[in-house]
Amino acid sequence: MDTIFALASARGKSGVSVIRISGPRAHDVLRAVAGDVPPYRQAGLRKLANQAGDLLDHGLVIAFAKGASFTGEDVAELMVHGSLATVAAVESCLAQDHGLRLADPGEFTRRALENGVMDLTQVEGLGDLLDAETESQRRQALRVLDGAIGKLVNGWRAHLLKAAALVEAGIDFVEEDVGNWDDQILAELKVVQDQLQGEIAGQGARERVQTGFEIAIIGSVNAGKSTLLNALAGRDAAITSDIAGTTRDVIELRMDIGGFAVTLLDTAGLRDTDEQIESIGIARGQKRAEQADMRIILCDSPITPPPVDVLPDDIVIFSKADLYPEHNGGVSGVTGEGLDSLLSRITTELSQRVARDGVTVRRRHLQAMISAQSALADAIDKLTAQDYIAELLAADIRQAIDALDSLIGKIDVEDLLGDIFSSFCIGK
């Protein structure tokens, strides 16, 4: 196993830079560079030098023992002054004087996976945490990194393994009178089935926390959609004018609303028109609005009916509230009236959607759970029919277990690793 190193902090001028070393020679190299190895997990101030005895820097060094480090291997970290020259000198010493190899992207985390320090979902959680842009993404990624999915899956596996053991016992002692365990087996399978159903039901909203929700602003021409978008953005993201049909294509704006990643869609005004380009824009806007997670329907006055059928999750609000001071509950992109209330309504709605307990967040997780659910359904159907071949029932349970094992990376993991680690930085 190679001993590898990489800059674990951001490359560029900084107050402090952290260089991580991992592998069987990590502590020997630390001793050679710093003079000794401090007690594990205790930082020590040392003079760092190359093999020629040239002083490289004064820095803090810390060592982690095998089995008690990020990668599960012997690890050393050098905290040096963050100038480009200092970092380059230390890296040159590690590579040229001691023959260490620069780590590949995500290689530290990959070693943590291979050494059993992290499961596959925790690796994904770390990647999501590094990419988190909003508070909701940070909280969700941190739960996954903390091992919440692995704990959930291990609980499900325990029930399934118990059920499998009862089925196998019935097969092994088929000629002996050991009793009927069908009710116990069914109870174990139903526990997992019910919990899987709940996890699957809320998975879509949790996935949207990671990828971002889409909210379409729709309404008739000159209802103030672009003005509202600009007001929410705090800048002129869309062209506004009194000329009908100004917005021809869908305008997208990414922003943080109440800790949620949201893409606002400004769509073309709804009206009948013979103008070909505008018609295409209206059709595109309607299609995107239908696919959006939420719609804000703007009416141009308090008494104007919505221009489209209202769905249960739609927010219907009238625009140009500054022109109707006698009416409450409107919004004005010109004066800012009602903007805070609208943002609060959006935040409340999104919070309710992700309020369902659950931890899985990726489409891969969903596919694994659906596979497990399908195998469980087959097993339960066999049990309730009370006329089954025990070996086939055992195969269904094993298939469910395998699906859950693939979720946390116990099997069928190699094809996924390239895609996962491609987004990691060198120091992770």
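Key figures for this structure:
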read-out: The range 311-331, residues that are in a loop (DSSP other than H, G, I, E, B) and in contact with a Lys or Arg (Cβ under 9 Å, 6 or more places away or on another chain); value: L311, D313, D314, S319, G330, V331
read-out: Some residue of the range 9-26 being of a type in the set (A, V, I, L, M, F, W, C), assigned to a strand (DSSP E or B) and free of Cβ contacts under 8 Å to residues at least 12 places away in the same chain; value: no
read-out: Any hit, the range 131-138, residues being modelled with pLDDT of 85 or more and touching a His at 6+ places or on another chain (Cβ under 9 Å); value: no
read-out: Residue count for the range 395-428, restricted to those that are buried (at least 20 other Cβ atoms within 10 Å of the Cβ), at pLDDT 75 or above and farther than 13 Å from R157 by Cβ; value: 2
read-out: All positions within the range 260-305 that are among the acidic types (D, E), modelled with pLDDT under 75 and open to solvent by 50 Å² or more (accessible area, probe 1.4 Å); value: D272, D274, E275
read-out: Residues located in the range 114-134, provided they are touching a residue at least 60 places away in the same chain (Cβ under 8 Å) and either part of a loop (DSSP other than H, G, I, E, B) or open to solvent by 30 Å² or more (accessible area, probe 1.4 Å) (or both); value: D119, L130, D131, E133, T134
read-out: Identity of the residue in the range 221-249, open to solvent by 40 Å² or more (accessible area, probe 1.4 Å) and either under 19 Å from R288 (Cβ atoms) or touching a Phe, Trp or Tyr at 6+ places or on another chain (Cβ under 9 Å) (or both), that ends up modelled with the highest pLDDT; value: D249
read-out: Selection within the range 64-78 - in a loop (DSSP other than H, G, I, E, B), surrounded by 24 or more Cβ atoms within 10 Å (Cβ to Cβ) and either of a type in the set (A, V, I, L, M, F, W, C) or in contact (Cβ under 8 Å) with a residue 60 or more places away in the chain (or both); value: E73
read-out: Flag if V167 is open to solvent by less than 50 Å² (accessible area, probe 1.4 Å) and more than 35 Å from the chain's Cα centre (by Cα); value: yes
read-out: Filter pass, L100 being at pLDDT 95 or above, crowded, with 16+ Cβ neighbours inside 10 Å and in contact with a Ser or Thr (Cβ under 9 Å, 6 or more places away or on another chain); value: yes
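The values are calculated or read from the model by the stated rules, or taken from the named source; none is laboratory data. Every value quoted in this text rests on a predicted model; they were computed, and no experiment measured them. Virtual Cβ from ideal backbone geometry, glycine too; neighbours counted across all protein chains shown. Side chains included, ligands, DNA and RNA excluded: accessible areas come from the protein's heavy atoms. Shrake-Rupley method; radii C 1.70, N 1.55, O 1.52, S 1.80 Å.
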